[in-house]
Amino acid sequence: MIIQWQKTRYFLLTTVLGMLIFTLGYQLFYPKKESWSLPESFPLQGWEFVESQVIKNTGQGQKRRQYQYSSPAGIVDIQLRYFSYLTNGDNLSLLKNINKLELPDSAVEVKQSAVGYYGMFAHEGRAYLSASINDNAKTTFTQPQYVALRNNKEQLLSRFFPWLIGLKDLRDWSCLWVTISTPIDSEPQQSYALLQEVWQSSFQWWHAHFP
């Protein structure tokens, strides 16, 4: 009985020590999201950087910047907004409430790509593409897509131990919300194709620099 208790105590002490070492190492080497900020510019193949500026505060807890790039094909404006905690991942709602775009639900076409979902629509002479980039390299547009991603069993399991020792929430509610727009020319489909080209060219860079 004494031997069994000693084994149990040894196991518990080893477990606690391992958790303490893991916690210390995690806090020392894992980059904190609070220290991350949106860059003044980013590489976009085939496009020339024109300018960028911080977007005037339209919400709490956001890091936000607007960019403009040009090429012989046209000009695109790109808004990036980082949310450290956002439970309402409905892009249509964000577009209405933050960007003040008066859009009927039927105006948006939700499309799917290899990395997830995005929405496309036209508004006041401009074509738009919008999506939320999430920590696991997947993109979403609607609220059900956003929540389902965070309830994914693999995602929950990968965060279980850090959550158990108080380092992370069980679900990661952070996202990088991207909105790309361009003036619609005489051929609307060309404008949409231009947005999709920019989206595909820039997604990997944005996700690689996700905090």
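The values are calculated or read from the model by the stated rules, or taken from the named source; none is laboratory data. Everything numeric in this text was worked out from a predicted model, so none of it was measured. Cβ: placed from backbone, ideal geometry, glycine included. Neighbour counts: every protein chain shown.
Return the pair list, or none, for Cβ contacts closer than 8 Å from residues in segment 188-211 that are within 13 Å of Ile75 (Cα to Cα) to residues that are of a type in the set (D, E, K, R), at least 6 apart or on different chains.
Ser191/Asp185
State which residue is modelled with the highest pLDDT when the search covers only segment 44-57 and only residues that are outside any strand (DSSP E or B) and either under 21 Å from Tyr82 (Cα atoms) or outside the structural domain of Gln204 (by TED's automatic domain parsing) (or both).
Selected residue: Leu44.
Any residue that is of a type in the set (Lys, Arg), over 12 Å from Asn91 (Cα atoms), in the same structural domain as Ser174 (by TED's automatic domain parsing) and without any contact (Cβ under 8 Å) to a residue 40 or more places away in the chain - is there at least one of those in segment 113-134?
Within segment 113-134, not a single residue is of a type in the set (Lys, Arg), over 12 Å from Asn91 (Cα atoms), in the same structural domain as Ser174 (by TED's automatic domain parsing) and without any contact (Cβ under 8 Å) to a residue 40 or more places away in the chain.
For residues in segment 74-112 being among the polar types (S, T, N, Q) and in contact (Cβ under 8 Å) with a residue 40 or more places away in the chain, which is nearest to Val50 (Cα to Cα)?
The extreme case among them is Gln79.
Residue check, Gly125 against (1) surrounded by fewer than 16 Cβ atoms within 10 Å (Cβ to Cβ); (2) at negative phi, all met but one. Which one?
For Gly125, the exception is condition (2).
Got at least one residue in segment 75-82 being touching a Leu at 6+ places or on another chain (Cβ under 7 Å), surrounded by 11 or more Cβ atoms within 10 Å (Cβ to Cβ) and at pLDDT below 60?
no
Kindly evaluate Ser41 against the criterion of being modelled with pLDDT of 90 or more, in contact with an Asp or Glu (Cβ under 7 Å, 6 or more places away or on another chain) and surrounded by 10 or more Cβ atoms within 10 Å (Cβ to Cβ).
The answer is no for Ser41.
Do you know which residues across segment 177-194 are surrounded by fewer than 20 Cβ atoms within 10 Å (Cβ to Cβ) and closer than 16 Å to Lys111 by Cα?
Within segment 177-194, Gln189, Ala193 qualify.
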